[in-house]
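K.L.:
Got a structure for you, written out below as structure tokens; questions coming shortly.
Any read-out appearing in this document is the output of simple, stated calculations on the displayed coordinates, not a laboratory observation. Just so it is clear, the structure is predicted and the values come from calculations on it, not from any experiment. Positions of Cβ are generated from backbone atoms using ideal geometry, with glycine treated the same way; all protein chains shown enter the neighbour counts.
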Amino acid sequence: MFTLRTSEVEARLKIVKELGDELVVGDEHFDVHHGRLVSSLKMFAIRDEVGADEMDEISKRYLVKENILFADPLTKMIKPQSQLDLLAIRDVVA
């Protein structure tokens with residue numbers, strides 16, 4: 001299961017790097033940047049959760065939309081969807 005989730009995260013990053021992707025918020029289209037996604041995920045290399053305001057909005061929304069991260073509106077914290085996702089993220093950005 002760990003290998004599968006790691007492969008999924010790696011594949012998502014590779015697609016954004018090679019093909020690009022965009023996020024639609026309201027009527028606006030925003031480009032998703034590979035470097036910003038990686039920087040956002042690297043925050044989880046030593047932490048289990050980060051503050052919502054520590055991550056750029058496009059990367060945060062994209063990673064939540066892709067079910068890699070979870071945004072907790074009550075605590076205003078961002079964390080991986082599961083412990084498995086946290087381990088996969090750490091493996092990918094290491």
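K.L.:
Scan the chain and hand back the longest stretch that contains none of the trypsin sites (Lys or Arg not before Pro) lying in DSSP loops with at most 13 other Cβ atoms within 10 Å.
P.N.:
1-46
K.L.:
Hey, rough spin-label estimate for residue 94 and residue 22, points 7 angstrom out along Cα→Cβ, what's it come to in nanometres?
P.N.:
Each label point lies 7 Å from its Cα, and together they span 3.7 nm.
K.L.:
Using a/c under 1.5 as the rounded threshold, could you call the chain rounded, prolate or oblate? The axes a ≥ b ≥ c are square roots of the C-alpha gyration tensor eigenvalues, and prolate needs a/b larger than b/c, oblate otherwise.
P.N.:
Because a/c hits 1.5 or more and a/b fails to exceed b/c, the chain counts as oblate.
K.L.:
How much length would be gained if the chain were fully extended between residue 50 and residue 15, taking 0.36 nm per residue of separation minus their Cα-Cα distance, in nm to one decimal?
P.N.:
My answer for the length gained is 10.1 nm.
K.L.:
Please give the contour-minus-distance gain from residue 3 to residue 39: 0.36 nm per residue of separation, less the Cα-Cα distance, rounded to one decimal in nm.
P.N.:
That pair, residue 3 and residue 39, stretches by 10.8 nm at full extension.
K.L.:
Return a whole-number percent for the relative contact order of the chain, with Cα pairs under 8 Å and 6 or more residues apart as the contact set.
P.N.:
Reported relative contact order: 32 percent.
K.L.:
Let me ask another. Based solely on its DSSP helices, what 222 nm [θ] is calculated for the chain when runs of n ≥ 4 H residues each add -39,500 (n - 2.57) and the sum is averaged over all residues, nearest 500 deg cm²/dmol?
P.N.:
-15500 deg cm²/dmol
K.L.:
So which residue, out of 11, 52, 71, gets the largest mean-square fluctuation from a GNM of the chain using Cα contacts under 10 Å as springs?
P.N.:
Highest fluctuation of the listed residues: 11.
K.L.:
A further question on this structure: Could you give me the ³J(HN,Hα) list for region 51-67, computed from phi with Karplus coefficients 6.51, -1.76, 1.60 and θ = phi - 60°, whole Hz, x at Gly and Pro?
P.N.:
3J(HN,Hα) across region 51-67, in whole Hz: x, 4, 7, 7, 10, 5, 4, 5, 4, 4, 5, 5, 5, 5, 4, 7, 6.
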